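Read the structure below first, then the notes.
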């Protein structure tokens, strides 16, 4: 099912990296003369081939905050190991009081995840996965916990190299 906001929130850059907006937060600072408003943007960037990252940007205008978030996201991209269309094994990512449990799923099951986790998986190119959010459900904490979980993933070849042993 296509997201109705895809054309508005999903852009492709010249270096084949797409970005998708997760959340915009309006922050108000009360000063002597009234209120000063600024915006914070949370963006997920990825190439849908195994590389994904996130960035936050703050500015007085929304487009500027999004641009800053995209630049920050490109700087901290990670490589996600995949087995076919899913992940190699079950993993739990933590950040703050939030945890995300991510499990591999059979081919064709789709992404059974909500909100920010679904966007991270789509941007990473992972098509079949199940997830459960535990604890904090703030978008930034969920995204950071998901990225933490994806960083912990290892393929059987990686484990074999670490152990200096052969696996069948």
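Just a few scattered comments:
- Inside the range 127-158, residues that are touching a helix residue (DSSP H, G or I) at 6+ places or on another chain (Cβ under 8 Å) and assigned to a helix (DSSP H, G or I) make up a count of 6.
- Failed condition for residue 161, given (1) touching a helix residue (DSSP H, G or I) at 6+ places or on another chain (Cβ under 6 Å); (2) free of Cβ contacts under 8 Å to residues at least 24 places away in the same chain: (1)
Residues checked against (1) out of contact with any helix residue (DSSP H, G or I) (no Cβ under 7 Å at 6 or more places or on another chain); (2) buried (at least 20 other Cβ atoms within 10 Å of the Cβ); (3) at pLDDT 95 or above; (4) over 19 Å from residue 16 (Cα atoms):
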| site | (1), (2), (3), (4) |
| --- | --- |
| 53 | no, yes, yes, no |
| 61 | yes, no, yes, yes |
| 66 | yes, yes, yes, no |
| 72 | yes, no, yes, no |
| 80 | no, yes, no, no |
| 86 | yes, yes, no, yes |
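- Within the range 112-168, the residues that satisfy the criterion of being more than 25 Å from residue 74 (Cβ to Cβ) and in contact with a strand residue (DSSP E or B) (Cβ under 6 Å, 6 or more places away or on another chain) are 112, 128, 130, 132, 133, 134, 135, 136.
- Per the conditions (1) loosely packed, with under 12 Cβ neighbours inside 10 Å; (2) modelled with pLDDT of 95 or more, the sole criterion not satisfied by residue 6 is (2).
- Strands (runs of 3 or more DSSP E) lying entirely in the range 14-126 (those with 2 or more residues that are under 30 Å from residue 159 (Cα atoms) and assigned by TED's automatic domain parsing to the domain that holds residue 148): 91-95, 98-104
The values are calculated or read from the model by the stated rules, or taken from the named source; none is laboratory data. As the structure is a prediction and not an experimental result, all values here were calculated from the model. Note that each Cβ is placed from the backbone with ideal geometry, even for glycine, and that neighbours are counted across all protein chains shown.
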